[in-house]
Amino acid sequence: MAAPHGTVCGVIDFRVPVQIAVVWLVMGLSAVVVGWLVVFGFFIGSAGLVAVGMIGPFAMVFLIGTFTAKASPLTATVLPRLGWAALVSVFGLVGAVFYSSVLEASEPVDLPSWLAIPGIGVSFALVAAMLAHGLVVRLVAVGVTVAAVAFGIWLPTTMPADDAASRIAHAKLPGGVLLIATPEGYDFPRLIIAEGHAELAYVSNSDSRELDAFPRLVVRPATVETTELVYRPDSTDHVFVRRMGDVEAVAVVSDWADVEAVREFVLSVRPATDDEVRRLLPQAPDRRDRDVLARFANTWNRLFT
């Protein structure tokens with residue numbers, strides 16, 4: 001008795017997992033090469049640009065189907081193979097958009113950038129698996145897809161609607177950290193965020209101050225190699241630079257102040273507490289939106305309206 005399509009002596013034909021694996025790998029890598037064009041198309045709401053960006057991935061999927069023709073009933077001949085490539089490309093893109101919606105709704109979780117490549121490729125591979133030879137393969141692909149969608153909808157709802165990390169991520173602070181100092185005799189600082197740096201401005205609330213009336217603390221990407229304090233003489237100010245990880249805290253204080261007091265000021269710089277973050281930074285607006293399906297629908301709605 002002949003073995004069913006996609007099996008050899010009752011065992012799944014090796015060409016089936018090969019086709020699925022190659023689709024996963026190639027589409028993941030395609031996201032690196034032309035993914036920016038597709039993302040830009042969604043960003044400006046241009047369906048035409050998205051279609052242009054998907055021409056290359058569609059061609060790659062068609063070639064994969066050509067070289068693994070025996071892995072699916074739709075890749076055996078040319079015309080059905082075109083339909084197969086279209087199904088994998090279109091529904092794979094739908095899956096990739098859903099995956100991106102889950103990541104956005106889960107912010108500020110900082111996943112490794114390399115995880116986006118296999119994650120996007122999986123959606124295309126699952127579509128290929130649903131169209132492959134072998135009932136078991138198809139059922140597993142459907143089961144994995146349903147479970148992944150359910151997990152993606154549920155995951156963001158487990159995260160708090162507001163926390164310090166989300167506020168810092170939304171503010172795009174240098175190094176992804178909020179540093180602060182709270183010297184005695186000064187009101188709680190005012191935070192000013194500009195491109196590439198953040199500045200804390202202080203105002204004295206007493207006459208017995210060691211620093212000047214308006215000391216400043218600037219946090220910016222590190223420019224010094226050493227973690228030791230660096231003193232940079234200035235014509236009107238004491239300037240101390242202290243590296244802390246990938247950023248540096250720069251204390252700028254009038255030169256009439258005692259230099260040791262300025263040194264202690266910059267040495268007191270530390271990461272802000274959650275309460276301090278809430279006082280200085282607004283709530284991230286998208287943290288209130290944990291609805292993955294709403295994000296997913298809005299993404300497509302912007303593309304066609």
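In whole Å, what is the distance between the alpha-carbon centres of the range 83-102 and the range 184-258?
50 Å
Could you run the Karplus curve 6.51 cos²θ - 1.76 cosθ + 1.60 with θ = phi - 60° over the range 160-177 and give me ³J(HN,Hα) per residue in whole Hz, x for Gly and Pro?
Per-residue couplings from phi come out as x, 5, 7, 7, 5, 4, 5, 5, 5, 4, 5, 6, 6, 6, x, x, x, 9 Hz.
Kindly write out, for the range 188-199 in residue order, the coupling ³J(HN,Hα) from the Karplus curve 6.51 cos²θ - 1.76 cosθ + 1.60 (θ = phi - 60°), rounded to whole Hz, with x marking Gly and Pro.
Here the 3J(HN,Hα) series is 4, x, 9, 9, 10, 10, 10, 4, x, 7, 10, 10 Hz.
Mind listing the phi-derived Karplus ³J(HN,Hα) values for the range 149-158, rounded to whole Hz, using 6.51, -1.76 and 1.60 with θ = phi - 60°, and x for any glycine or proline?
My calculation for the range 149-158 gives 5, 5, 5, x, 6, 7, 3, x, 6, 7 Hz in order.
Given R₀ = 22 Å, FRET efficiency for L293-F43 by Cβ-Cβ distance, to 0.05?
Working: r = 20 Å, r/R0 = 0.92.
Result of the calculation: an efficiency of 0.60.
What label, among [x] 168; [y] 187; [z] 157, belongs to volume of the Cα convex hull per residue in Å³ computed from the structure on display?
[x]
In the chain, carbon and sulfur make up what percent of the accessible area (probe 1.4 Å)?
So the carbon and sulfur contribution to the accessible surface is 66 percent.
Which of rounded, prolate or oblate describes the range 157-196 when judged by the alpha-carbon gyration tensor and an a/c cut-off of 1.5?
Judged from the Cα gyration tensor, the range 157-196 comes out oblate (a/c at least 1.5, b/c at or above a/b).
Considering Cα pairs under 8 angstrom that are at least six residues apart, work out the relative contact order of the chain and quote it in whole percent.
Normalised by residue count, the contact order of the chain is 18 percent.
Residues of the range 65-182: accessible area per residue at 1.4 Å, in Å²?
Values: 5600 Å² over 118 residues.
Result: 47 Å² of accessible area for each residue.
For the range 126-208, what class follows from the C-alpha gyration tensor (a ≥ b ≥ c being the square roots of its eigenvalues): rounded when a/c is under 1.5, otherwise prolate if a/b is larger than b/c, else oblate?
prolate
How would you classify the range 23-150 from its alpha-carbon gyration tensor, with a ≥ b ≥ c the square roots of the eigenvalues: rounded for a/c under 1.5, else prolate if a/b is greater than b/c, otherwise oblate?
Numbers: a/c = 2.11, a/b = 1.32, b/c = 1.60.
It is oblate, given that a/c is not under 1.5 and a/b is not larger than b/c.
State, as an integer percentage, the relative contact order of the range 173-305 based on alpha-carbon contacts under 8 Å between residues 6 or more apart.
Value for the range 173-305: 21 percent.
Work out Dmax and Rg for the range 214-291 from the C-alpha atoms and quote the Rg first, both in angstrom.
My reading of the Cα-based Rg and Dmax gives 15.9, 55 Å.
The values are calculated or read from the model by the stated rules, or taken from the named source; none is laboratory data. From a predicted model like this one, the values you see are computed outputs, not experimental measurements. Virtual Cβ from ideal backbone geometry, glycine too; neighbours counted across all protein chains shown. Please note that ligands, DNA and RNA were not included when accessible areas were found on the heavy atoms of the full protein model with its side chains. Shrake-Rupley method; radii C 1.70, N 1.55, O 1.52, S 1.80 Å.
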